[in-house]
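Trainee: First the structure, which I've put down as structure tokens, then a few questions once you've had a look.
The values are calculated or read from the model by the stated rules, or taken from the named source; none is laboratory data. Everything quoted here is computed from the prediction, not taken from an experiment. Cβ coordinates were reconstructed from backbone atoms using ideal geometry, including for glycine residues, and neighbour counts include every protein chain displayed.
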Amino acid sequence: MIKTIQTEKTAIGNMALDAKDLAILSLLQQNARMTVKEIADTIHLSTTPVHERIKRMEANGVIKQYATLVDHTKVKKSLIAICYVSLKEHNKTAGTKFVKSIQLMQDVVECYTISGEFDFMLKVMCEDMNAYHDFHVNKLSNIDNMGHVQSIFVMGIIKQTHQLVYV
């Protein structure tokens, strides 16, 4: 009788990720500058299959991009605000206009559509309260169809990660 060895697989879209793929992702999330050789040595594969796996995950959109994480306090973005936004009208045209406006605003670093009392949640990063006031009064409030905005200011960061895969 032949015994087959099964590896744990996680389906992402049309692509199945095995334990080695997840190990590669975990390592790249910790240090995206890791070389293929360093990854290969760590997960006990040769460099060619590691390189092919990375390219496959890039091509399938599992790996979306490589980024540099910047200390916001060192680039004059010390104030973090969470803004809950509701629109006056709720239709596709109004929503699309709002989204296009938000995408052009550099102070908005994240925007989510949400359920509940508000329609959107924004993460806004500015130099200080004066810069936030300018953003709120002269940019955000001037968007067509703006309803209500509630701003909450971050007092401290307890946990902040971009890591989604742990091995």
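Trainee: Return the residue satisfying two criteria in turn: it lies in the stretch 149-167 and is in contact with a Ser or Thr (Cβ under 7 Å, 6 or more places away or on another chain) and surrounded by fewer than 16 Cβ atoms within 10 Å (Cβ to Cβ), and of such residues it is farthest from residue 29 (Cα to Cα).
Mentor: 167
Trainee: Now for a separate question. Please state which of the following conditions residue 86 fails to meet, knowing it meets all the rest: (1) out of contact with any Gly (no Cβ under 6 Å at 6 or more places or on another chain); (2) touching a residue at least 12 places away in the same chain (Cβ under 8 Å).
Mentor: Residue 86 satisfies all of (1) out of contact with any Gly (no Cβ under 6 Å at 6 or more places or on another chain); (2) touching a residue at least 12 places away in the same chain (Cβ under 8 Å) except (1).
Trainee: Scanning for something closer than 24 Å to residue 16 by Cα, within 21 Å of the chain's Cα centre (by Cα) and modelled with pLDDT of 95 or more, does the stretch 67-84 turn up at least one residue?
Mentor: no
Trainee: Sticking with this structure for a sec: Applying the selection to the stretch 74-96, what residues are aliphatic (A, V, I, L, M) and surrounded by 11 or more Cβ atoms within 10 Å (Cβ to Cβ)? Before the answer, list the steps.
Mentor: Going through the stretch 74-96, the residues aliphatic (A, V, I, L, M) turn out to be 75, 79-82, 85, 87, 94.
If the condition is that a residue be aliphatic (A, V, I, L, M) and surrounded by 11 or more Cβ atoms within 10 Å (Cβ to Cβ), then 79, 80, 81, 82, 85, 87, 94 are the ones that fit.
Residue by residue, here is whether (1) part of a loop (DSSP other than H, G, I, E, B); (2) not assigned by TED's automatic domain parsing to the domain that holds residue 25 holds:
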site: 53; (1), (2): no, no
site: 64; (1), (2): yes, yes
site: 77; (1), (2): yes, yes
site: 83; (1), (2): no, yes
site: 90; (1), (2): yes, yes
site: 99; (1), (2): no, yes
site: 102; (1), (2): no, yes
site: 105; (1), (2): yes, yes
site: 111; (1), (2): no, yes
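Trainee: Out of the residues in the stretch 144-167 that are in contact with a Leu (Cβ under 9 Å, 6 or more places away or on another chain), assigned to a loop (DSSP other than H, G, I, E, B) and among the aliphatic types (A, V, I, L, M), which is farthest from residue 99 (Cα to Cα)?
Mentor: 167
Trainee: Shifting gears a bit: With (1) closer than 30 Å to residue 30 by Cα; (2) of a type outside the set (S, T, N, Q); (3) surrounded by fewer than 15 Cβ atoms within 10 Å (Cβ to Cβ) as the list, and residue 137 as the residue in question, which single condition is left unmet?
Mentor: The number of the failed condition is (1).
Trainee: So, in the stretch 1-40, exactly how many residues are under 23 Å from residue 67 (Cα atoms) and at pLDDT 90 or above?
Mentor: Within the stretch 1-40, residues that are under 23 Å from residue 67 (Cα atoms) and at pLDDT 90 or above number 22.
Trainee: From the list 66, 132, pick out the single residue that is in contact (Cβ under 8 Å) with a residue 12 or more places away in the chain and exposed (fewer than 10 other Cβ atoms within 10 Å of the Cβ). Outline the logic, then answer.
Mentor: On the way: 132 fails: exposed (fewer than 10 other Cβ atoms within 10 Å of the Cβ).
It is 66.
Trainee: Given the criterion crowded, with 17+ Cβ neighbours inside 10 Å and either over 23 Å from residue 160 (Cβ atoms) or in contact (Cβ under 8 Å) with a residue 60 or more places away in the chain (or both), identify the matching residue among 125, 146, 57.
Mentor: Values: 125 fails: either over 23 Å from residue 160 (Cβ atoms) or in contact (Cβ under 8 Å) with a residue 60 or more places away in the chain (or both); 146 fails: crowded, with 17+ Cβ neighbours inside 10 Å.
Testing whether each residue is crowded, with 17+ Cβ neighbours inside 10 Å and either over 23 Å from residue 160 (Cβ atoms) or in contact (Cβ under 8 Å) with a residue 60 or more places away in the chain (or both) leaves just 57.
Trainee: Also, quick follow-up: Answer yes or no as to whether residue 100 is more than 26 Å from residue 158 (Cα to Cα) and either touching a helix residue (DSSP H, G or I) at 6+ places or on another chain (Cβ under 8 Å) or surrounded by fewer than 17 Cβ atoms within 10 Å (Cβ to Cβ) (or both).
Mentor: In short, yes.
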